[in-house]
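The values are calculated or read from the model by the stated rules, or taken from the named source; none is laboratory data. Remember, predicted model here, so these are calculated numbers, not experimental data. With ideal geometry, Cβ positions are generated from the backbone for all residues, glycine too; neighbour counts draw on all protein chains shown.
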Amino acid sequence: MPKDAALLCKNADVTEPKRLSADDLLVLLAVGRSGRFVSAADELGLNHTTVSRRIAALEHSVGGRLLARSAAGWELTELGREALAAAEAVESAVRSLAGPAGSRVLEGVVRMSATDGFSAYIAAPAAAHVQRRHPKVSVEIVTATRRVTQQRAGLDVEVVVGEPQVHRAEVARLGDYRLGLYASRQYLADHGAPGSTADLAAHPLVYFIDSMLQVDDLDLARTFAPAMRESVTSTNVFVHVEATRAAAGLGLLPCFMADRHDDLVRVLRDDVGLLLSYWLVARAETLRRPEVRALVDAIQARMEDQRDVLLGSAV
C-alpha cells in the first residue's frame, strides 16, 4: 500500500467516531444501581468478567472513567452519572415496547435495609402489597439498627431512625413513632409500678446494648432515667419486647410493637413518651426504577395507614 494511502487509513481510524453500545449502557445501569459487578452480573445473566469487559468498553467509548472504587463497592463518577441518564433513556425506550406505562409488567429485585420493628410491621406488609400487584418483583429486607451508610452499594433503599446526613442521595421523612415505658402484668404484681421518673432508679431497664448502639436518637432516648440499671439488653428490639413480657424489667419499647400484647402495660405515660422519626434514603437513580418506586409508595402508604398505631394513640 502506498505511503499516502496508509496515512489516510490511519487518520480515518483516529477520526472515526467511537460507537456507544446500548447493551453496554444497560450494563452500566445495573452496576450503577447495585454498586457491584457481581450483583449486576446476576441481574443480567452474565458473568463478572463480561460485566467488567463491557464497562471497560463503554469507558473507552466515552473517553473517561464511569465508575470509581469505594470501600463499599462501585460509585458513579460525574461522567458516569451523565452516562447513566442515557442508560435510563435506553431502558425507558425498551420498556415502552411493552405498552402503555400502566400496563407494563414490573420485575426485578429490590433490596432494602431497615430496623427490626420497621421491617416486620411496615416494610414486610408493604413488600407483600407490591408482590401481590407485581408478582415478578421480589423484595429483600436486611434488618439493621445503624446509622445510614455513605456508600449504598448493594442496597436500593435504607430506612433509618433520625434525620441522616448523606451525600449524593435522596432523603425523605417517612413519619414519626413513639417509644414508651412498658412492664408486664407479672412484673407489676411482683414489684409495683413506678409513680414518677424518680422511682425508676429502683427498676431495671430492658433496652439496647449501650456500647453497641450506633443510632444517636436511640442513644439519647434513655436519658430520661440515666440511673436505671441494665437488665436484659440486645441489638434486636424483638428481644426487648419478649424480655419485658418475661418480667425482666421495664422495657423502653416502640408503642406500635408493645401495644400488640395484652400482657404489657404502659407506665408513666405522661412522663415517658419519646418521639422519633423514620427516614428513607436512596440514590436518585435508584428511585427512578419503577419497581423501587412501587415499594417506596407502598411504604409511605403503610406509614400513613399506621400513623396512630406508630404514635401509640390507636384506640
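Every residue, every condition in (1) in contact (Cβ under 8 Å) with a residue 24 or more places away in the chain; (2) touching a strand residue (DSSP E or B) at 6+ places or on another chain (Cβ under 8 Å), yes or no:
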residue: Thr145; (1), (2): yes, yes
residue: Val161; (1), (2): yes, yes
residue: Gln186; (1), (2): yes, no
residue: Gly192; (1), (2): no, no
residue: Thr197; (1), (2): yes, no
residue: His203; (1), (2): yes, yes
residue: Phe224; (1), (2): yes, yes
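Residues that are out of contact with any strand residue (DSSP E or B) (no Cβ under 7 Å at 6 or more places or on another chain) and basic (Lys, Arg) were ranked within region 103-143; the one that is surrounded by the most Cβ atoms within 10 Å (Cβ to Cβ) is Arg104. Ala227 meets the conditions (1) within 24 Å of Val160 (Cα to Cα); (2) among the hydrophobic types (A, V, I, L, M, F, W, C); (3) modelled with pLDDT under 90 in every case but one. The failed one is (1). Candidates Ser119, Ser138, Ser113: the one that is hydroxyl-bearing (Ser, Thr, Tyr), under 25 Å from the mean Cα position of the chain (by Cα), at pLDDT 95 or above and not in a loop (DSSP other than H, G, I, E, B) is Ser119.
Here's the yes/no breakdown for (1) touching a Ser or Thr at 6+ places or on another chain (Cβ under 7 Å); (2) farther than 18 Å from Thr244 by Cα:
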{"residue": "His167", "(1), (2)": "no, yes"}
{"residue": "Ala193", "(1), (2)": "no, no"}
{"residue": "His203", "(1), (2)": "no, no"}
{"residue": "Val206", "(1), (2)": "yes, no"}
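Could you list, in sequence order, the residues of region 58-74 that are more than 16 Å from Val27 (Cβ to Cβ) and surrounded by 12 or more Cβ atoms within 10 Å (Cβ to Cβ)? Of everything in region 58-74, those that are more than 16 Å from Val27 (Cβ to Cβ) and surrounded by 12 or more Cβ atoms within 10 Å (Cβ to Cβ) turn out to be Gly64, Ser70, Ala72.
Out of curiosity, is Val94 at pLDDT below 85, surrounded by fewer than 14 Cβ atoms within 10 Å (Cβ to Cβ) and assigned to a helix (DSSP H, G or I)?
Spelling it out, Val94 is indeed at pLDDT below 85, surrounded by fewer than 14 Cβ atoms within 10 Å (Cβ to Cβ) and assigned to a helix (DSSP H, G or I).
Scanning region 33-66 for residues that are of a type in the set (D, E, K, R) and in a helix (DSSP H, G or I) gives Arg33, Asp42, Glu43, Arg53, Arg54, Glu59. Looking only at residues of region 20-41 that are out of contact with any strand residue (DSSP E or B) (no Cβ under 9 Å at 6 or more places or on another chain) and charged (D, E, K, R), we find that the one that is modelled with the lowest pLDDT is Arg33. Considering Val239, Val215, the condition of being under 19 Å from Ser119 (Cβ atoms) and free of Cβ contacts under 8 Å to residues at least 24 places away in the same chain is satisfied by Val239 alone. Exactly one residue among Tyr187, Tyr177 is aromatic (Phe, Trp, Tyr) and either part of a strand (DSSP E or B) or at pLDDT below 95 (or both), and that residue is Tyr177. What are the residues in region 145-165 that are more than 18 Å from Ile299 (Cβ to Cβ) and modelled with pLDDT of 75 or more, if any? Listed by number, the list holds a single entry, Gln165.
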